[in-house]
Structures are given as C-alpha cells and as structure tokens.
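Here the structure is laid out as structure tokens; the discussion comes afterwards.
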Amino acid sequence: MKTDPAKILIVDDDEKIVFAFCEVLKKEKYKSIVARNGEEALEKVSAMSPDVVFMDITMPKLDGLDALGRIKEQNPFIPVIIITGYGTMQTAIKAMQLGAFEYLTKPLDVDKIREVTRRALASIRSPMAAAEQHASFKADIIQRYELVGNSVAMQEIYKLIGSVSTTPNHTSVLIIGESGTGKELVARAIHSNSANANEPFVGINCTVLPETLLESELFGYEKGAFTGAGERKLGKFEIARGGTIFLDEIGNLSPNLQQKLLRVLQEREFERVGGNDPIHIEGRFIAATNQDIEREVKKGNFREDLFYRLNVVAIRVPPLRERREDISLLANYFLSKYNDQLKKSVKGFTDDAMALLQAYAYPGNVRELENLTERAVMLTRGEVILPDALGEITASDSDKAVSLPVVSPAFSKSRDHVINMFEKQFLVEQLRRHRGNVTAAAKTSKMTRQNFQRLMNKHKLRAEPFRA
C-alpha cells in the first residue's frame, strides 16, 4: 500500500533559504509547503496539517516565536523546528519552553536538516515521546546571568536549559565541567527560567565547610542540638522551600553526607539536626562537580545510587578551549562590563591582542578570561587594549603560554609566529566547518567577508566549492 509523502512546512521570508529547503526535501521524497511569515504559517497549519514545521524567528507581521506559541495551541504535538540566523541564550531557551522540537542556527547543515526531519517524523509516531518533547511553559522573564556564547556547544546547553526548566522540581540535574566554566551560571539560568523562579535559589559550596558544619548548613538544627546551638536555625534545604538547591562540588561530600543526601532525594524529606519532625521539601536539586564523577564511583569514593539520583539530566559545560569561537564575544562582553564598573571608555582590542586571547589555553576557563579582561581594562590608558596589557599571556616561557597542537617544538615560539599559526588554523577550521562557504565562515567568525578573504589570501588558503 502506497503512503502519501510527509508534508513539511517551511516558514521563512528568505527566498534562498526556502529554495534550499525545498531542494533538500525533494531529494528525501517529502512534500514541501511554503509560508512567508508567521500569519501565513498559521493558515497553512490549519488548512494543510503539515507533519513537521521549519520556521525562522525574524519575519514580518508575526515572528517565529509568537507563531510557535500559537501553533502549539492549535496542535501541541506537531514538531516545530526553529531556525535563526543569530542564536542567543534567550531565544534558544524561550523556543524550547514554548515547545520547539529543535533549535537550529544558520547557516544550516544539510545533513542536520535531514536528520532532524527524520527524528521529528519519528516522534509523531510516539504520542508519549511527543508529549514529553513538546511540554510547553512560557517564561515571563529571561535573565542572562552572563551566560555568553553562540558556539554549537553553548547552543546545546541553552536548549537543555530550556527543556529542563519545564520539568517538575523532582527532576535533578548534574552539571559537569572544569573550574571556571560557569556551572553556577547554568544552574541559575535553569532556576530563573523555571516555574519556581520566584522561589529562592540557594547555593552552597561543599568544599568550604567541614562535615559537621556542612551538615548543619544543609539540614539546620534545633535549639540545644549541640553545644552553642542557642536557638533553632533553618538549613539551606528548608530555606529553599520550592526553589532550587545548588550543591557545588558535590564530589567532595563525605560518605556520611552522601548517604543522608540520598535519603533526602528518595524521600523528599529530612529532619533538622537534633530534631525528629520530618520536613517535606519541594525544591529542585542541581549538583555540580569539576571531577570525573563516574571515575569516582568506580573507585568507590562516590555512591553509585546517589550518582544516578543526581544524574537524571546531565549538562556538560565545555572548557573555553573547546569553544574558541566564543572568546571574542566573551572578551567584548567583559570589556563592556568593566568599562561600566571602572568608569572607563576602552573601545576594544587591537588585532594582536585579540589574537593572543584567541590562542591562549585558558586553564582557568571563562573566569580567567574575565580576570584578564578586567586587568587589561584597568591598566589601559588609551582607547584600545594592546598586547602588553595582557602581559600574563604574552611571555613565551610562561607555563600558561599558548599551546596549539599544530605548532611543532622545532618551530620558533615568537609571538608573531604563534599568532600566525593560530590564525591559519582558525581559518582552516572555520572553512572546514562550513564546507568552504566563505560568507558563512566569516559570519561565524564575526568578521566581514572582505577581512576573512584577506586573511585567506595572506595564508594562501582556497575555499572548496560548497556542496550540499
């Protein structure tokens, strides 16, 4: 028995994007339906019942996010994939909260379009999976908390934040990442975009206090529970109420506290130290660690059952060296921040200074980049930041000096050589990522096409023709 081809609605006011979509979908034997704006998309959804929708955000009359909300009201199970030319944390989170099936940034990868389309079509064959995928929650306020980045890795984190923030409070989250990557910022973003955003966000660092004091901080205590307990004290769990409890560096909890925390997660209740009355807890637990926690489980240092209780949703925050395309964005963000705080008016970085920032290894991750930028703004007397203001990372004999796999030890380690080697590597990676599409590579690199082409000529690079 012959089945009708799946109907895919493409909503975009860019003729080239629409044409490219139609060509890809034609090869996959799907039927394309086209709408030029959000209002027309709503009409097509009602009249033609497409199986999947691809929709741009920025359009005339009715933008993609507003149209998404109204489409989900009509049909909550239709997979809607949001596409945008400039992805931000706010739009990614809001799209996922409104029920988007997926969130893609331009330029679009043809293989990704095919894969997402197949996955979306598969989801509508499973109503339960679709219901979970498209759970909808509208956020009134979206707050950045300095989560900055447009890299693929950060876009994935934004999508996870949007999805997790719609789940019930008993869904625990484990955030994994090196020190300085912004794990607490991710936790705060989940909280601020959740239904319990008006409840407290209560954080505690599990490495700061000895075990006895940490237990009192977490659970609180009754008057007379121990020497010096002159009055009842509420613990962090009780203060959080229906909000969020953030346990930073969870891998450092003692075995005794691991066992007690496991009971809290299982029973959703606890007693104050010296008390007998159970106290029910509604808050969400978010834990973070810079350790390889699975390795600690295998070594017997961390309870396996507690790990699985915490690891309901895992979010890995990548080190800065794995998302170098965000360095320029972050550096300029911190430049603006410290201009305001220090009452300065530094306009930017010289090309050499930015190249050094781009090439540096950042053992301290985003936190180190922020500290470097704050120091540079403080020391700069002119309008732009020069390499000398980044003195800590310009010395070739520093333990923190640039370390690039393409630089052979036999090569000169002069600053100019390192900059040139990084520059060429960066161009090659961007061209490879975008399959030779110079315009797309330049846009991702935050350069004009002319400047990107000039650097290609400088390094004698040629772009291969773009192929779908």
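The values are calculated or read from the model by the stated rules, or taken from the named source; none is laboratory data. All of these numbers come straight from a predicted model, not from anything done at the bench. Because the Cβ atoms are built from the backbone with ideal geometry, glycine has one as well, and the counts that use them run over all protein chains shown. We work out accessible area using only protein heavy atoms, side chains counted, and drop any ligands, DNA or RNA first. Shrake-Rupley method; radii C 1.70, N 1.55, O 1.52, S 1.80 Å.
Which value, in Å³ per residue, describes the convex hull spanned by the Cα atoms of the stretch 1-64? All intermediate terms of the calculation are to be shown ahead of the outcome.
Numbers: hull volume 4.3 nm³, N = 64.
So the per-residue Cα hull volume is 67 Å³.
To the nearest whole percent, what portion of all C-alpha pairs in the stretch 180-336 is separated by more than 21 angstrom? Could the numbers behind the result be given before it?
On the way: 6338 of 12246 pairs.
The answer is 52 percent, as a whole percent.
Tell me, what is the percent relative contact order of the stretch 152-206, built from C-alpha pairs under 8 Å that lie six or more residues apart?
Relative contact order, the stretch 152-206: 37 percent.
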At what distance in nm do the modelled label points of His170 and Leu461 sit from each other, each positioned 7 Å from its Cα along Cα→Cβ?
5.2 nm
Relative to the present Cα-Cα distance, how much length would full extension add between Arg381 and Arg232 at 0.36 nm per residue of separation?
48.2 nm
Förster radius 22 Å - calculated FRET efficiency between Asn205 and Asp305, Cβ distance, rounded to 0.05:
0.40
Going residue by residue through the stretch 291-296, the Karplus relation 6.51 cos²θ - 1.76 cosθ + 1.60 with θ = phi - 60° gives ³J(HN,Hα) values, rounded to whole Hz and with x marking Gly or Pro, of 8, 7, 5, 5, 5, 5
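Can you compute the FRET efficiency between Arg321 and Ser254 using 1/(1 + (r/R0)^6), with r the Cβ-Cβ distance and R0 = 30 Å? Round to the nearest 0.05.
Numbers: r = 33 Å, r/R0 = 1.09.
Working from the Cβ atoms, E equals 0.35.
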For Ile315, enumerate residues with amide H under 5 Å from its amide H, sequence gap 5+ or separate chain, H modeled in the peptide plane.
Leu174, Ile175, Ile176
Leaving out ligands, DNA and RNA but keeping every protein chain, what accessible area does Asp56 have, in Å² rounded to the nearest 10, with a 1.4 Å probe?
10 Å²
Accessible area, probe 1.4 Å, largest first, for residues Ser179, Ser445:
Ser179, Ser445
Could you estimate the translational diffusion coefficient of the chain from the Stokes-Einstein equation, with Rh from the Kirkwood formula over C-alpha pairs, at 25 °C and 0.890 mPa s, in whole µm²/s?
98 µm²/s
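Starting from the residue with the highest accessible area, list Lys183, Lys29, Lys236 in decreasing order, probe 1.4 Å. List each step's numbers first, then the result.
Details: Lys183 15, Lys29 155, Lys236 50 Å².
Ranking Lys183, Lys29, Lys236 by accessible area, largest first, yields Lys29, Lys236, Lys183.
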How far apart, in nanometres, would the label points at Ser328 and Ala225 be if each is projected 7 angstrom from Cα along the Cα-to-Cβ direction?
5.4 nm
Taking all protein chains together and a probe of 1.4 Å, list Met378, Met59 from the most accessible to the least accessible.
Met378, Met59
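Please figure out what share of the DSSP beta bridges in the chain is antiparallel and state it in percent, rounded to the nearest 5.
Looking only at bridges with both residues in the chain, the antiparallel portion is about 10 percent.
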Gain upon complete extension [Val110, Arg263; 0.36 nm per residue less C-alpha separation]
50.3 nm
Along the Cα→Cβ direction, 7 angstrom out, place labels at Ala153 and Leu342. What is the inter-label distance in nm?
2.7 nm
Might you work out the accessible area of Phe219 for me, using a 1.4 Å probe with all protein chains in place, and round it to the nearest 10 Å²?
20 Å²
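Find how much the distance from Asp66 to Glu271 grows on full extension, using 0.36 nm per residue of separation minus their present alpha carbon separation; answer in nm with one decimal. Walk me through the numbers on the way to the answer.
Working: separation 205, 0.36 × 205 = 73.80 nm, distance 4.61 nm.
Difference between extended and current length: 69.2 nm.
Work out the FRET efficiency for Thr212 and His280 from their Cβ-Cβ distance, taking R0 = 35 Å, and round it to the nearest 0.05.
On the way: r = 25 Å, r/R0 = 0.71.
It comes out at approximately 0.90.
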Separation of the stretch 48-113 and the stretch 184-220 by C-alpha centroid, Å?
33 Å
Within the stretch 167-293, what percent of beta bridges assigned by DSSP are antiparallel, to the nearest 5?
20 percent
Selection of trypsin sites (Lys or Arg not before Pro), the stretch 272-316, meeting DSSP coil and at most 14 other Cβ within 10 Å:
Lys299
